[in-house]
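Visitor: Could you have a look at this structure, given as structure tokens, before my questions?
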Amino acid sequence: MTYTVGEIAKKLNVAPSTLRYYDKEGLLPFVERSAGGIRVFHDEDMDWLELIECMKHTGMPIKEIKHFIDYCVEGDSRINESLTPDDVPVEYHKYFERKWRADKEAAETGEPPKKYRAI
């Protein structure tokens, strides 16, 4: 299924202008355009968009989110590189550590894991 900017913004509970800004800043390289130049989102784009919103919600700067997205898009071309934890920006470590701790706490208390979305 495909969605417009307005429809996907409503699903994410963000303003359409936020998604347009993310696209302008290069955070949405996966988004297709129609023949008329209109952004077209797909169901599978939701995971990316939710991840971007989570990182933004943690206070990660747009520049660092773009860097992360660029790494993800490069994908398999980086597999043969010898990356170490020091190659990953500290913000990513902090974000995923907070997420891990929250998920662990939820599991210990029997609560469902938190949904990571911007409020």
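Bear in mind that the values in this text are calculations on the coordinates, not laboratory data. Please read all numbers here as calculations on a predicted model, not as lab measurements. Glycine also receives a Cβ, built like all others from the backbone with ideal geometry; neighbour counts cover every protein chain displayed.
Visitor: Is there a pair in Lys24/Lys66; Lys24/Lys99; Lys63/Lys104; Lys11/Lys104; Lys66/Lys99; Lys11/Lys56 whose C-alpha atoms are over 22 Å apart, and which pairs would that be?
Guide: In this structure, Lys24/Lys99; Lys63/Lys104; Lys11/Lys104 lie more than 22 Å apart at Cα.
Visitor: Starting from the Cα of Lys24, move 7 Å in the Cα-to-Cβ direction to define the label point; list residues of segment 32-67 whose amide nitrogen is under 17 Å from there.
Guide: 38-39, 62-63, 66
Visitor: Follow-up. What value does segment 1-73 have for Rg/Rh, both radii from Cα atoms and Rh as Kirkwood defines it?
Guide: 0.94
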